Amino acid sequence: MWEWSRKSATVDDVARLAGVSKATAGRVLGRYGSSSVTTRAAVHAAAAALDYRPNAAAKTMNTSRSELIGVISPIVTTSRFALVLDGITAVCREAGMGVITAGSEYDVALDRAAIELLLNKRVDAIIASPAHGSNTEHLHAAHRIGVPIVLLERHISELEVPTIESDTAGAGRKLGRHLRSLGHTRVGYISTSRHPERYRLGDQVGSSVTTDRLQAIYGSYAEAAIRPSTDLVRFTSRSPAAIQQAVIELLGNELPPTALIADDEQVGLEMLTVIRSRSISIPRELSLVMLEDTPWATLIDPPLTVVRQPTYDMGRTAAVVALASIGAEADLPRVPLFPAELLLRKSVGPAPP
């Protein structure tokens, strides 16, 4: 049973704890006017510590704020997105903000529709993982009209906005060198990012994260003067049947891979489905790597080699930066890369003779 046993915190209380004036605290909490990044952070921290809850009836209509943050992701059904969203909503909840989510399934048309939806809802900021890195005019348009944009796990060179990323390229280089050290020269890779042509080292594919991973993994072979097996890279839709068909095609190659890399959790599941159905021994006959970490990765036999990222913390940081961007007069400082850790487990072994 809920019991209210203490007096609700007021703007005065928040201002005293944050060490600012009541007017400044009111501006930050009301999302109007301007203030420094440091001041906004201090006020939001004080509000969270005091469990401050704004009086909706007392809010004025002239702030033009919706108290909503929009989130767009290509995939909204994975455990990874759930962790990201947990981090975002935790921060927004502490700040008295709501969250609207939309998925694009790597479809630019759906990405545009999601932006239009969020703009119609008058969201105060957007956290976005674009469907395609080179088709982002809709994001540029939103940015031009003053909507703060924060990119999550994506970077767009022409769009100067805060970016939240992990060092997946560093983890990819470690993975490439490790596979190379075990004698793997035929390495297959399956992704559901969009890329209409056969992959060549240095190509920009639909997702900047996948671009960086491919360049890091296969580039590590080129650096060692070993021909990278980019002919074994496949891009497919997200349907289970399409992913499984890509796996079957690779395994049926005249020179099949001795190691397979899944770009994400769903690809990893479908890879396992095909491998198990054919009774292929991991890692004796085929090594397997998944570039996302999931709770089930250690529950299968053998446990999967994965790349772990601080997903929840990245979601929280994206929300903190989005909130700080609202009403900011100057560019926010660059957010350092989060770590990405290669966790070597028993699904990777020496290449078969």
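The values are calculated or read from the model by the stated rules, or taken from the named source; none is laboratory data. Keep in mind the model is a prediction, meaning the values are calculated, not measured. Glycine gets a Cβ as well: all are built from the backbone with ideal geometry, and neighbour counts include every protein chain shown.
Residue-by-condition table, conditions (1) more than 30 Å from Asn253 (Cα to Cα); (2) of a type in the set (Ser, Thr, Tyr):
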{"site": "Thr136", "(1), (2)": "yes, yes"}
{"site": "Ala142", "(1), (2)": "yes, no"}
{"site": "Leu159", "(1), (2)": "yes, no"}
{"site": "Ser166", "(1), (2)": "yes, yes"}
{"site": "Ala171", "(1), (2)": "no, no"}
{"site": "His184", "(1), (2)": "no, no"}
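Among (1) farther than 20 Å from Thr305 by Cβ; (2) at pLDDT below 95, where does Val209 come up short?
Only one criterion is unmet by Val209, namely (1).
Between a residue in the range 169-197 that is more than 16 Å from Ala222 (Cβ to Cβ) and any residue that is among the charged types (D, E, K, R) and assigned to a strand (DSSP E or B), which pairs come within a Cβ distance under 9 Å, given they are 6 or more apart or on different chains?
Note: pairs meeting the criteria are Ala171/Arg308; Ala171/Glu341; Gly188/Arg234; Ile190/Arg234; Ser191/Arg234.
Taking the range 85-106, which residues are of a type outside the set (Gly, Ala, Ser) and farther than 23 Å from Ala47 by Cα?
Once the filter is applied, which keeps residues that are of a type outside the set (Gly, Ala, Ser) and farther than 23 Å from Ala47 by Cα, the range 85-106 yields Thr101, Glu105, Tyr106.
Could you check the range 326-353 and list, in sequence order, the residues that are free of Cβ contacts under 8 Å to residues at least 40 places away in the same chain and either touching a Cys at 6+ places or on another chain (Cβ under 6 Å) or more than 30 Å from Ser36 (Cα to Cα) (or both)?
Answer for the range 326-353, where residues must be free of Cβ contacts under 8 Å to residues at least 40 places away in the same chain and either touching a Cys at 6+ places or on another chain (Cβ under 6 Å) or more than 30 Å from Ser36 (Cα to Cα) (or both): just Pro353.
When the residues of the range 12-32 are filtered to those that are part of a helix (DSSP H, G or I) and of a type in the set (Val, Ile, Thr), which remaining residue is surrounded by the most Cβ atoms within 10 Å (Cβ to Cβ)?
Looking at residues that are part of a helix (DSSP H, G or I) and of a type in the set (Val, Ile, Thr), I get Val28.
Of the numbered conditions (1) outside the structural domain of Ala128 (by TED's automatic domain parsing); (2) within 17 Å of the chain's Cα centre (by Cα), Leu175 satisfies every one except a single condition; which is it?
(2)
Could you list, in sequence order, all residues of the range 245-265 that are in contact with a Ser or Thr (Cβ under 8 Å, 6 or more places away or on another chain) and surrounded by fewer than 19 Cβ atoms within 10 Å (Cβ to Cβ)?
Gln245
Can you find a residue that is farther than 24 Å from Thr163 by Cα, over 25 Å from the mean Cα position of the chain (by Cα), outside the structural domain of Leu214 (by TED's automatic domain parsing) and assigned to a loop (DSSP other than H, G, I, E, B) anywhere in the range 335-346?
Checking the range 335-346: at least one residue is farther than 24 Å from Thr163 by Cα, over 25 Å from the mean Cα position of the chain (by Cα), outside the structural domain of Leu214 (by TED's automatic domain parsing) and assigned to a loop (DSSP other than H, G, I, E, B).
Can Ile226 be described as out of contact with any Asp or Glu (no Cβ under 6 Å at 6 or more places or on another chain), in a loop (DSSP other than H, G, I, E, B), loosely packed, with under 14 Cβ neighbours inside 10 Å and among the β-branched types (Val, Ile, Thr)?
When the stated conditions are applied, Ile226 passes them.
Just to be sure I understand the filter: pairs with C-beta atoms under 7 Å, separated by 6 or more residues or on different chains, first member in the range 115-129 and in the same structural domain as Glu160 (by TED's automatic domain parsing), second member of a type in the set (Lys, Arg) and buried (at least 16 other Cβ atoms within 10 Å of the Cβ). Which pairs pass?
Sorted first by the residue in the range 115-129, then by its partner, the pairs are Asp124/Arg31; Asp124/Arg65; Ser129/Arg154.
Would a scan of the range 241-255 turn up a residue that is modelled with pLDDT under 95 and under 22 Å from the mean Cα position of the chain (by Cα)?
Within the range 241-255, none of the residues are modelled with pLDDT under 95 and under 22 Å from the mean Cα position of the chain (by Cα).
Would you mind stating whether Leu260 is closer than 22 Å to Leu342 by Cα and assigned to a strand (DSSP E or B)?
Answer is yes for this residue.
Kindly provide the set of residues from the range 152-178 that are outside any loop (DSSP other than H, G, I, E, B) and either of a type in the set (S, T, N, Q) or crowded, with 24+ Cβ neighbours inside 10 Å (or both), ordered by number.
Residues satisfying the conditions are Leu152, Thr163, Ile164, Ser166, Thr168, Ala171, Gly172, Leu175, Gly176.
So Val321 fits all but one of (1) in contact with a Leu (Cβ under 7 Å, 6 or more places away or on another chain); (2) part of a helix (DSSP H, G or I); (3) surrounded by fewer than 23 Cβ atoms within 10 Å (Cβ to Cβ); (4) among the β-branched types (Val, Ile, Thr); what number is the exception?
For Val321, the exception is condition (3).
May I ask you to verify whether Leu110 is part of a helix (DSSP H, G or I), in contact with a strand residue (DSSP E or B) (Cβ under 6 Å, 6 or more places away or on another chain), outside the structural domain of Gln266 (by TED's automatic domain parsing) and at pLDDT below 95?
no
For Ile300, state whether it is surrounded by fewer than 16 Cβ atoms within 10 Å (Cβ to Cβ) and part of a helix (DSSP H, G or I).
It is false that Ile300 is surrounded by fewer than 16 Cβ atoms within 10 Å (Cβ to Cβ) and part of a helix (DSSP H, G or I).
Find the residue count for the range 180-205, including only residues that are under 11 Å from Val233 (Cβ atoms) and of a type in the set (Gly, Ala, Ser).
Qualifying residue count, the range 180-205: 3.
Output the number of the condition that Arg276 fails; it satisfies all remaining conditions of (1) more than 18 Å from Thr78 (Cα to Cα); (2) surrounded by 22 or more Cβ atoms within 10 Å (Cβ to Cβ); (3) of a type in the set (D, E, K, R).
(2)
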